[in-house]
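The values are calculated or read from the model by the stated rules, or taken from the named source; none is laboratory data. Given the structure is predicted, the values throughout are model-derived calculations rather than measurements. Counting neighbours? That spans all protein chains shown, and the Cβs are built from the backbone with ideal geometry, glycine included. These accessible areas exclude ligands, DNA and RNA; they are computed on the full protein's heavy atoms, side chains included. Shrake-Rupley method; radii C 1.70, N 1.55, O 1.52, S 1.80 Å.
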Amino acid sequence: MTKNGPAGTKVAFTNVQELADFMTASNQHLIDAMRDLSEEAWHKPVETPLGSSTPLEALGRLMYHTGIHAGQISQIQKSFHTKEKEFTH
């Protein structure tokens, strides 16, 4: 993929199975990394492109970010089903 996401690129992500497999592998990678991290390391600041952050803070941001996207997907699905009902009724 890209360092900062697909914005500004001409890449089309159309293979749903490939994306699902990528997400599954990414999730497993994150779980493995969390299991390997010591209790002390969770609270130790690390320099990142976004500035200094502990892994615990980064995980909190990841959860928040994921929640935002879940809400966006929910709105898209709701909108789609509403429009679908308009065409079928």
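Got a number for residues in segment 47-71 being over 21 Å from MET23 (Cβ atoms), modelled with pLDDT of 95 or more and β-branched (Val, Ile, Thr)?
Adding up the residues that qualify gives 1.
Conditions (1) at pLDDT below 95; (2) more than 20 Å from ARG61 (Cβ to Cβ); (3) open to solvent by 90 Å² or more (accessible area, probe 1.4 Å), marked per residue:
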site: GLY5; (1), (2), (3): yes, no, no
site: LYS10; (1), (2), (3): yes, yes, yes
site: VAL16; (1), (2), (3): yes, yes, yes
site: ALA20; (1), (2), (3): yes, yes, no
site: MET23; (1), (2), (3): yes, no, yes
site: HIS29; (1), (2), (3): no, no, yes
site: ASP32; (1), (2), (3): no, no, no
site: LEU37; (1), (2), (3): no, no, no
site: PRO45; (1), (2), (3): no, no, no
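Got at least one residue in segment 72-79 being basic (Lys, Arg), at pLDDT below 95 and open to solvent by 100 Å² or more (accessible area, probe 1.4 Å)? Full working, then the answer.
We begin by selecting, within segment 72-79, every residue basic (Lys, Arg); these are 78.
With at pLDDT below 95 added as a condition, the list becomes 78.
Right, trim to open to solvent by 100 Å² or more (accessible area, probe 1.4 Å) and you get 78.
Yes, segment 72-79 contains at least one residue that is basic (Lys, Arg), at pLDDT below 95 and open to solvent by 100 Å² or more (accessible area, probe 1.4 Å).
Please go through segment 48-57 and give me each residue that is touching a residue at least 12 places away in the same chain (Cβ under 8 Å) and exposed (fewer than 14 other Cβ atoms within 10 Å of the Cβ), ordered by number.
Quick first cut of segment 48-57, residues touching a residue at least 12 places away in the same chain (Cβ under 8 Å) only: 54-56.
The answer is LEU56, and nothing else.
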